[in-house]
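In what follows, a structure is listed as structure tokens, so that the remarks can point back to it.
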Amino acid sequence: MGSVVVVGSQWGDEGKGKIVDWLSERAEVIVRFQGGHNAGHTLVIDGVTYKLSLLPSGVVRPNKVSVIGNGVVLDPQALLSEIETVRAKGVEISPKTLKVAENVPLILSVHRELDQLREAASGAGAIGTTGRGIGPAYEDKVGRRAIRLSDLLDEASLALRIERLLAHHNALRVGFGAEPIAAATIAEELEAARPILAYADATYRILREARREGRNILFEGAQGSMLDIDHGTYPFVTSSNTVGGQAAAGSGVGPSSLGRILGITKAYTTRVGNGPFPTEQANAIGERMGERGAEFGTVTGRKRRCGWFDAVMVRQAVETGGIDGLALTKLDVLDGFDELKICVAYRLNGETLDRLPADGASQMNVEPVYETVSGWKRSTRGARSWGELPAEAVKYVRHVEELVGAPVAMLSTSPERIDTILVDDPFRI
Ligand code: IMP
């Protein structure tokens, strides 16, 4: 038995959905440990497409336990409506198959509205958030005024919690020129969230038990390492830790329970939202990648920015997140280019750097140093073995491994689950 943590090694949208689905077939418990419904995972199973934001990818498979861990921020309405959408496709979701951490903090309308008010007031400094209230909900968690799922159980203290929450939010709302919000509105929202209590549990115990019974656990990360609140391109990041280590704190298991950390890595780079992107190709090359890779956000529908593979950044993700294997995705999007570029270092003020500097101004100003490698003409789409890949494509993959310092454990060559080259079983201990 084993555990695998799946994280994105870039700015999210690395194709985690397919890999997580592939792995979830082999796992018995699937756990979300950070983020919220800002994530977007698309799964295609037997020709049916599922778009999940908050539910762990295991929910669409029978006989799996899906866990929403304490490190997530949970929008009750988003969860209830996602459950309905998935049920409408014939998937059974019950309190036996879905477990929600009783101590998970809730996202309420005040969080969504504050996210949007603040973005609108930020002008050129806007982060380009998904507008779902993720940041404000994490702020309230850290500020010790969040309302957590288990708080719904005690009606007497709930009114006081709402009052405390609104004392903070209404001061901010007035500052932003918005109307204060009434306690009754929040009380109503919380009332509507009650059905979620049926799924509430001490999920850390469920995970402990699963480990004891020798079950495979898959920890499903959202976003990517460069959106990590500490290690990412701050402040253009999300508000949670997205690196592998968070799987432990965000679900209530010890770090030694995590097993392997698999970094999902796109064969080029994309980013949605604002912020530095050294290898961005705001030109015909980026357009071509975007078209071939269907690079539109699952959650917001925004067009993703596209650029060359940045080995410096992915190496940094390997280092900060303890990634010990890569799942390389979307190699087929690079088919047909005469030559490809890989960023191997940065230049800043006449100096060569082998890492992304921590300060935002330098991150904006670094110039990529590229190595140019041969492209390939033959299609790699749908390849299921190394032998089916053109020699130049194999060379590209090998070079990526060498530059980022982690081996490729899986290679994905189309959105279909079967089009996967397995090098190394990630559940191997
Ligand atoms: P937030 O998570 O909504 O606060 O957004 C902060 C930043 O993270 C923005 O640049 C978003 O575009 C980005 N972001 C959040 N979730 C995802 C995701 O699942 N994929 C890619 N980018 C994301």
All positions within segment 118-173 that are polar (S, T, N, Q) and surrounded by fewer than 18 Cβ atoms within 10 Å (Cβ to Cβ): Ser122, Ser150, Ser157, Asn170
Residues being modelled with pLDDT of 95 or more, more than 10 Å from the ligand (Cβ to nearest atom) and surrounded by 24 or more Cβ atoms within 10 Å (Cβ to Cβ) - total across segment 4-33: 11
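Every residue in segment 112-122 that is within 12 Å of Glu139 (Cα to Cα) and not in a helix (DSSP H, G or I), please. Steps first, answer last, please.
Going through segment 112-122, the residues within 12 Å of Glu139 (Cα to Cα) turn out to be 114-115.
Residues satisfying the conditions do not exist here.
Out of Gly307, Gly275, I need the residue that is in contact with an Asp or Glu (Cβ under 6 Å, 6 or more places away or on another chain) and closer than 19 Å to Gly224 by Cα. Which one? Write out each step before concluding.
Values: Gly275 fails: in contact with an Asp or Glu (Cβ under 6 Å, 6 or more places away or on another chain).
Step by step, each of Gly307, Gly275 is checked, and only Gly307 is in contact with an Asp or Glu (Cβ under 6 Å, 6 or more places away or on another chain) and closer than 19 Å to Gly224 by Cα.
Inspect segment 204-212 for any residue being within 16 Å of the ligand (Cβ to nearest atom) and hydrophobic (A, V, I, L, M, F, W, C) and give the result as yes or no.
Let us first name the residues in segment 204-212 that are within 16 Å of the ligand (Cβ to nearest atom), namely none.
Checking segment 204-212: not a single residue is within 16 Å of the ligand (Cβ to nearest atom) and hydrophobic (A, V, I, L, M, F, W, C).
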Some residue of segment 215-230 being away from the ligand (no atom under 16 Å from the Cβ), touching a Pro at 6+ places or on another chain (Cβ under 9 Å), at pLDDT 95 or above and among the β-branched types (Val, Ile, Thr): no
Test: residue in segment 268-283 that is touching a helix residue (DSSP H, G or I) at 6+ places or on another chain (Cβ under 7 Å), within 24 Å of Arg32 (Cβ to Cβ) and touching a residue at least 60 places away in the same chain (Cβ under 8 Å): no
Considering residues of segment 34-87 that are away from the ligand (no atom under 16 Å from the Cβ), at pLDDT below 95 and of a type in the set (A, V, I, L, M, F, W, C) only, the residue surrounded by the most Cβ atoms within 10 Å (Cβ to Cβ): Val59
Residue tally, condition out of contact with any strand residue (DSSP E or B) (no Cβ under 8 Å at 6 or more places or on another chain), more than 16 Å from the ligand (Cβ to nearest atom) and not aliphatic (A, V, I, L, M), over segment 231-253: 1
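Determine if segment 100-117 includes at least one residue that is hydrophobic (A, V, I, L, M, F, W, C) and surrounded by fewer than 21 Cβ atoms within 10 Å (Cβ to Cβ). Give the steps one after another, and end with the answer.
Here is the first cut: in segment 100-117, the residues hydrophobic (A, V, I, L, M, F, W, C) are 100-101, 104, 106-108, 110, 114, 117.
Cutting the leftovers down to surrounded by fewer than 21 Cβ atoms within 10 Å (Cβ to Cβ) gives us 117.
Yes.
Here's the yes/no breakdown for (1) out of contact with any strand residue (DSSP E or B) (no Cβ under 7 Å at 6 or more places or on another chain); (2) free of Cβ contacts under 8 Å to residues at least 24 places away in the same chain; (3) on the phi > 0 side of the Ramachandran plot; (4) crowded, with 21+ Cβ neighbours inside 10 Å:
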position: Ala294; (1), (2), (3), (4): yes, yes, yes, no
position: Arg305; (1), (2), (3), (4): no, no, no, yes
position: Ala317; (1), (2), (3), (4): no, no, no, yes
position: Leu328; (1), (2), (3), (4): no, no, no, yes
position: Asp335; (1), (2), (3), (4): yes, no, no, no
Which numbered condition Ser53 fails, given (1) closer than 23 Å to Ile323 by Cα; (2) in contact with a helix residue (DSSP H, G or I) (Cβ under 9 Å, 6 or more places away or on another chain): (1)
Failed item in (1) under 19 Å from Lys330 (Cβ atoms); (2) crowded, with 24+ Cβ neighbours inside 10 Å, with Asp228 passing the rest: (1)
Inter-residue pairs, beta-carbon under 6 Å, first assigned by TED's automatic domain parsing to the domain that holds Asp115 and in a loop (DSSP other than H, G, I, E, B) and in segment 234-247, second among the acidic types (Asp, Glu) and within 8 Å of the ligand (Cβ to nearest atom), 6+ apart: none
Pair list, Cβ under 6 Å, 6 or more apart: segment 15-40 residue outside the structural domain of Phe296 (by TED's automatic domain parsing), other residue near the ligand (Cβ under 10 Å from one of its atoms) and of a type in the set (Ser, Thr, Tyr): Gln34/Ser240; Gly35/Ser240; His37/Ser53; Asn38/Thr130; Ala39/Ser53; Gly40/Ser53; Gly40/Thr298
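The values are calculated or read from the model by the stated rules, or taken from the named source; none is laboratory data. Quantities reported herein were computed from a predicted structural model and do not represent experimental measurements. Positions of Cβ are backbone-derived with ideal geometry, glycine not excepted, and every protein chain shown enters the neighbour counts.
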